[in-house]
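Novice: Take a look at this one; I'll ask things after.
The values are calculated or read from the model by the stated rules, or taken from the named source; none is laboratory data. Keep in mind that what you see is a predicted model, and the values were worked out from it rather than measured. Using ideal geometry, Cβ is built from the backbone for each residue, glycine included, and neighbour counts are taken over all protein chains shown.
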Amino acid sequence: MTQQAAKEEIAQLSAAVHHHNVLYYQGQPEITDYAFDQLLEKLVRLEKQFPDLRLPNSPTQRVGEYTTKNFATVQHQYPMLSLSNTYSEAEIQKFVKSAQKLLPNEKITFFCELKFDGVAMSLRYKEGILVRAVTRGDGKKGDDVTRNAETIQTLPKQILAKDLPKAFEVRGEAFMPRAHFEALNKARIADGEEPWANPRNTTAGTLKTLATNVVAERMLDFYPYSLKTEALPLKTHEEGIHLLEMWGFTTSPTYKRCSTVAEILTYIDHWAVEKKNLPVDIDGIVIKVNDVAQQERLGYTAKSPRWAIAYKYKPENLATTLEKVTYQVGRTGAITPVAHLTPMLLAGTTVKRASIYNADAMRQLGLHLGDRVFVEKGGDIIPKITGVNTTQRKPESKPIIFPAYCPGCNTLLVQHQDEAIHYCPNEKECPPQRIGRIKHFVHKRAMDIDTMGSRTIELLFNKGFLHAPADLYQLRYEDIYALEGFKERSTQRALQGIAASKRIPFEKVLFALAIRHVGETVAQKLANHFHNIDALIGATTAEMLLVPEVGEKIAQSIVAYFLDEKNRKLIEALKAAGLQLAMAPPTAAPDSQPLTGKTFVISGNFQSIEREALKERIRHCGGKLLSAVSKNVDYLVAGDKAGPIKLAAAQTLGVPLLSEEEIINMTQL
């Protein structure tokens, strides 16, 4: 593979992984866990082969979900890293051999536990009292969901055990038992509401619910999986679990200490069969080196510990009947076939629909109406058809033919060269595309107008109030108030959300325009390079190619977008509405820069400020940042878990250490 081909594929894979990661943590996943893991693994392989091409914001370097604006963001005292995972027993053998190689002549035991399919949380206790509960978030910081966590009945709010550490942290998984989930869905169906997709997503949504009484009614549960404290000399991971049991935590009685690969694989095989009898969903097994000292010697990669690995079960595969196929039209005009199935219970939930992806996939499957199809569903999300039982096909059944015309506007479909997807070219007038672009415009990652949901946009479009994104800023009180389900307060909130979006920065507005091939990263690069929309509109293809990560295809797409008179009118309308179509001017340097001439190295984690924010403060005050400690460094800013190599270098060279409090005081203006 050439450098250019690798660069393009890494960019595409990074965008895809980021996209699906966001959807997963929003509870709206489009692909299975297994398919996601394959995408991520392919990206990791390419980044190893071409390390210089790894993007600065590569999803291989981040952990977990995104924080939300409705809850306070809290820095984790200890990073909540994700685990390396595998679907291969051979990889488990490799993991064990690697540990044995790094710890020669040492006896190693492994602590095996179930990987519960819930939401990871860290619980902070002081003097035996629960003081804070925080979601995993991005691994460095998460959402403070303490009030909601306090409604979990099995979670101790106060611990009265003897010899309790003054402060400690408990990590575990919040989850919704299957029985509770099924009862809630029965009630929703009885009330005429759509049932929820699965327990994991419902748990995530429940923890982010602002009404604690609603959280309490949903009866979440919690299983701890580790104890963190510097006040107790824990020798093994298992010892910490036993302490938590003594302190009143409910643990799953399913863990086991193993000494050999054979014992680990027997444990994996046992729960592959027995997992259906558990009260909670699992998606795999976690294997950890049991000895804490050995864990420390094995250490960590940038994203995960070397002393633990997760084995994930491959998706379940069952057969059902294909009743019909419908076709969805996306905002880009992409046509996606959706299979409607005879409902069946698969991996704990009822499945009615499955993705077929595109015409090529449909052709390869050779689908007929009424076929018995095999359906795979990993991670309790939208499933896919993996095969057809042709031996049960009825002679009179009709083959399913991909449509030649758009189901939304009856325009002849096109297929771009080297692409499997069919598109409707009628992007200006096709109703589903126009609605899709408005939905994209209001999305959290774009203009973040969370008061404009999909149903509201469709109602306004159908009533003729919304034709393009700029029409949002012309909506009147009476337009929204007349919609079904809207009252005075909800109408005011909708208008306030639209007004607040006028403060969204330029790079987000640029992404919200839904220019083909322009994702979040490219939008940021374009904004940083051209600074305002007029400069971007006037740029040539050659000038755009000077922007990092912008290739020929992206540049041509941008030029074509702005050559369209309708799009230029949209830009003028957004200008008139007061949106941010230029980068904010840089903050002026203070008259007095107390750190001028000083050089700093930063290491470790900080409680009151994020690392990037701290770096910006130092630069703003005239300081210079270096990456390594040397004789040219004036100070090492050492946070929690500062790198031992940097600390040792500072001590050898006599470089003074600054605490978090000291550097904050030095950068006060």
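Novice: Checking residue 332 against (1) farther than 30 Å from residue 414 by Cα; (2) in contact with a helix residue (DSSP H, G or I) (Cβ under 8 Å, 6 or more places away or on another chain); (3) not aliphatic (A, V, I, L, M), which test does it fail?
Specialist: So residue 332 meets the others, but not (1).
Let's see how each residue does on (1) crowded, with 16+ Cβ neighbours inside 10 Å; (2) in contact (Cβ under 8 Å) with a residue 40 or more places away in the chain; (3) aromatic (Phe, Trp, Tyr); (4) not in a strand (DSSP E or B):
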position: 309; (1), (2), (3), (4): yes, yes, no, no
position: 321; (1), (2), (3), (4): no, yes, no, no
position: 325; (1), (2), (3), (4): yes, yes, no, no
position: 343; (1), (2), (3), (4): no, no, no, no
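Novice: Mind listing whichever residues of segment 640-657 are buried (at least 19 other Cβ atoms within 10 Å of the Cβ) and not basic (Lys, Arg)? Let's see the steps before the verdict.
Specialist: Looking only at segment 640-657, we keep the residues that are buried (at least 19 other Cβ atoms within 10 Å of the Cβ), and these are 646, 650, 655.
Listed by number, the residues that qualify are 650, 655.
Novice: Just to check your reading of the model, which residue among 138, 144, 163 is touching a strand residue (DSSP E or B) at 6+ places or on another chain (Cβ under 6 Å) and among the acidic types (Asp, Glu)?
Specialist: 144
Novice: Can you tell me which residue among 279, 337, 233 is farther than 30 Å from residue 356 by Cα and under 29 Å from the mean Cα position of the chain (by Cα)?
Specialist: Values: 337 fails: farther than 30 Å from residue 356 by Cα; 233 fails: under 29 Å from the mean Cα position of the chain (by Cα).
Residue meeting the stated conditions: 279.
Novice: If a residue must be free of Cβ contacts under 8 Å to residues at least 24 places away in the same chain and aliphatic (A, V, I, L, M), how many such residues does segment 454-479 contain?
Specialist: 3
Novice: Let me ask something else about it. When segment 240-252 is examined, which residues are found to be more than 30 Å from the chain's Cα centre (by Cα) and surrounded by fewer than 17 Cβ atoms within 10 Å (Cβ to Cβ)?
Specialist: 242, 245, 246, 248
Novice: Find all pairs meeting these conditions: Cβ atoms under 8 angstrom apart; at least six residues apart or on different chains; first residue within segment 200-219 and at pLDDT below 80; second residue of a type outside the set (Asp, Glu).
Specialist: 209/148; 209/215; 210/70; 212/147; 212/148; 212/151; 214/206; 216/151
Novice: I'd like to check something: does segment 252-263 contain any residue that is of a type in the set (Gly, Ala, Ser), modelled with pLDDT of 90 or more and assigned to a loop (DSSP other than H, G, I, E, B)? Break it down into steps so the answer makes sense when it comes.
Specialist: Of the residues in segment 252-263, the ones of a type in the set (Gly, Ala, Ser) are 252, 259, 262.
Now restrict to residues that are modelled with pLDDT of 90 or more: 259, 262.
With assigned to a loop (DSSP other than H, G, I, E, B) added as a condition, the list becomes 259.
Yes: one or more hits.
Novice: So which strands (runs of 3 or more DSSP E) stay within segment 95-191 end to end and still have 3 or more residues that are touching a Phe, Trp or Tyr at 6+ places or on another chain (Cβ under 7 Å)? Give the derivation first.
Specialist: Details: elements: 110-116, 119-126, 129-135, 141-143, 167-175.
The qualifying strands (runs of 3 or more DSSP E) are 110-116, 167-175.
Novice: Right, residue 619: under 27 Å from residue 57 (Cβ atoms), surrounded by fewer than 20 Cβ atoms within 10 Å (Cβ to Cβ) and more than 29 Å from the chain's Cα centre (by Cα) or not? Before you say what the answer is, go through the steps one by one.
Specialist: Values: under 27 Å from residue 57 (Cβ atoms): yes; surrounded by fewer than 20 Cβ atoms within 10 Å (Cβ to Cβ): yes; more than 29 Å from the chain's Cα centre (by Cα): yes.
Answer is yes for this residue.
Novice: Further, regarding this structure: When only residues in segment 1-22 that are surrounded by fewer than 16 Cβ atoms within 10 Å (Cβ to Cβ) and among the hydrophobic types (A, V, I, L, M, F, W, C) count, which is modelled with the lowest pLDDT?
Specialist: Here the residue is 1.
Novice: Are there helices (runs of 4 or more DSSP H) fully within segment 423-542 with at least 3 residues that are surrounded by 16 or more Cβ atoms within 10 Å (Cβ to Cβ)? List them.
Specialist: Numbers: elements: 431-442, 454-462, 477-481, 488-500, 506-512, 520-530, 533-537.
Passing ranges, in order: 431-442, 454-462, 488-500, 506-512, 520-530, 533-537.
Novice: Kindly indicate the residue of segment 151-190 that is acidic (Asp, Glu) and without any contact (Cβ under 8 Å) to a residue 60 or more places away in the chain and also nearest to residue 276 (Cα to Cα) among those meeting that condition. Give the steps one after another, and end with the answer.
Specialist: Our first condition is that a residue be acidic (Asp, Glu); within segment 151-190, this holds for 163, 169, 173, 182.
Subsequent filtering for residues that are without any contact (Cβ under 8 Å) to a residue 60 or more places away in the chain retains 163, 173, 182.
Working: 163: 39, 173: 19, 182: 15 Å.
Ranking the qualifying residues of segment 151-190, first place goes to 182.
Novice: Which of the residues that make up segment 495-528 are at positive phi and in contact (Cβ under 8 Å) with a residue 60 or more places away in the chain?
Specialist: So in segment 495-528, the residues at positive phi come out as 514, 517.
Across segment 495-528, the qualifying residue is only 514.
Novice: Kindly provide the set of residues from segment 397-429 that are out of contact with any strand residue (DSSP E or B) (no Cβ under 7 Å at 6 or more places or on another chain) and of a type in the set (D, E, K, R), ordered by number.
Specialist: If the condition is that a residue be out of contact with any strand residue (DSSP E or B) (no Cβ under 7 Å at 6 or more places or on another chain) and of a type in the set (D, E, K, R), then 418, 419, 427, 428, 429 are the ones that fit.
Novice: Any idea how many residues of segment 345-363 are outside any strand (DSSP E or B) and within 29 Å of residue 441 (Cα to Cα)?
Specialist: 4
Novice: Can we say residue 664 is among the β-branched types (Val, Ile, Thr), under 35 Å from the mean Cα position of the chain (by Cα), surrounded by fewer than 17 Cβ atoms within 10 Å (Cβ to Cβ) and at pLDDT 80 or above?
Specialist: For residue 664, the condition - among the β-branched types (Val, Ile, Thr), under 35 Å from the mean Cα position of the chain (by Cα), surrounded by fewer than 17 Cβ atoms within 10 Å (Cβ to Cβ) and at pLDDT 80 or above - is met.
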